[in-house]
Structures are given as C-alpha cells and as structure tokens.
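The values are calculated or read from the model by the stated rules, or taken from the named source; none is laboratory data. Quantities reported herein were computed from a predicted structural model and do not represent experimental measurements. Note: ideal-geometry Cβ built from the backbone for every residue, glycine included; neighbour counts use all protein chains shown. The protein model used for the area step is the full one, side chains on, heavy atoms only, and it has no ligands, DNA or RNA in it. Shrake-Rupley method; radii C 1.70, N 1.55, O 1.52, S 1.80 Å.
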Amino acid sequence: EITLISGCRDSHYSSDVSNISEFELPNPAGRAGGACTSALLKVLHDAGGGAAPPTSSVDALCSMREHLRTLGFDQVPQLSSSRPADLRGEFRLVPQDATRRRALLIGINYGGTPSQLRGCHHDVGNVARYLTGVLGFAEEDIEILADDGIHTAPTRDNILRAYR
C-alpha cells in the first residue's frame, strides 16, 4: 500500500518557508523547510506524536490546511492512496496491520533553476527523525532520495526502483 501526501494540487506550486520556527516543531533540521511538511509534522506532534494520532485522514488534512491558512499559505494539501482508503477512519502513517514498514522520502530543491527551493532536504531529515524517533522505524527501512549530492539522486528510475 502506498500513501502520498503532497503539498499542493498538480497545478499549484509548493511553498518554501525560510524559517520553520513558526510551526513550533521539536528540533527541526535547518531553518528552511516546506510548508506542507511542517504542517503535517505539527499536526502529528500536536496529536501526541504517537503511532495512532486520534484523528481521521480528513481531520488531519483539514488541520494541515487550517494551520497553513492561519500562517498565510494558500497551499491545499492532498492525499492519494494506491488502494481504496477510508478517509473517515483513523489516520495512520503506517497501517496498523503492516508486517514491514518502509518509507521513501524524496527531497528535491531544484538547485540552479528558477524554481529553486531551500527546505526540501531539511524536510526529509525532519520526517526521517519523526519516523525513527516517534514511530520506531529502523534507519535501514527509510530510503532517502535527494538532489543534494549525498543521497541517491531522485531520478525517475531511482524512484521506481525504490518502490520495489
């Protein structure tokens, strides 16, 4: 099962936040970050940070949207799933009956282009810390693809390979 939470509709742009301190996240990596990722982590931490925050997927998305709106962002976070999903059921990053937990985190800053962002690499670090520190993921079960020269590049082939 694959679940994707994206920062905006396909026809919109992501928003970079130059200083994510306004999201009040515990120990963020770096000052810059994505508005959607910061809002998701804020919702998860506010819900107690556990493996099963007491909220539905609809409630989580609405909370993210409201938090972004309050801070002046017009992004509309979206949820996509590879299988039919009960959006009113309990929101979980990891299905309760999962026998193996894996995460693919992709950070693309588009360096050297007119669309350059600054926080995507920090975002994958913040989400990876949440997955290991709060949800108990093993580091070897998290794959990071990033255009940072350190991790495997997020090319189409590498993304498809990571899903296998």
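Condition (residue is in contact with an Asp or Glu (Cβ under 9 Å, 6 or more places away or on another chain), at pLDDT below 85, within 22 Å of Ala146 (Cβ to Cβ) and of a type in the set (Lys, Arg)) applied to region 108-119: is it met by at least one residue?
Yes: region 108-119 contains one or more residues that are in contact with an Asp or Glu (Cβ under 9 Å, 6 or more places away or on another chain), at pLDDT below 85, within 22 Å of Ala146 (Cβ to Cβ) and of a type in the set (Lys, Arg).
Which members of region 141-164 meet the condition of being open to solvent by less than 40 Å² (accessible area, probe 1.4 Å) and aromatic (Phe, Trp, Tyr)?
none
I'd like to check something: does region 150-163 contain any residue that is within 18 Å of the chain's Cα centre (by Cα), within 23 Å of Ala32 (Cβ to Cβ) and modelled with pLDDT under 90?
no
Among what's in region 44-68 and is within 16 Å of Gly133 (Cα to Cα) and crowded, with 18+ Cβ neighbours inside 10 Å, pick the residue that is modelled with the highest pLDDT.
Restricting to residues being within 16 Å of Gly133 (Cα to Cα) and crowded, with 18+ Cβ neighbours inside 10 Å, the top hit is Leu44.
State whether the residues of region 52-69 include one that is closer than 30 Å to Thr155 by Cα, in contact with a His (Cβ under 8 Å, 6 or more places away or on another chain) and among the polar types (S, T, N, Q).
no
Working only within region 69-100, note down all residues that are out of contact with any Gly (no Cβ under 9 Å at 6 or more places or on another chain) and buried (at least 17 other Cβ atoms within 10 Å of the Cβ).
Phe73, Phe91, Leu93, Val94
How many residues, within region 108-144, are outside any loop (DSSP other than H, G, I, E, B), more than 19 Å from Lys42 (Cα to Cα) and of a type outside the set (A, V, I, L, M, F, W, C)?
Final tally of qualifying residues: 4.
Of all residues in region 119-140, which are open to solvent by 40 Å² or more (accessible area, probe 1.4 Å) and not aliphatic (A, V, I, L, M)?
Matches in region 119-140: His121, His122, Arg129, Thr132, Gly133, Gly136, Glu139, Glu140.
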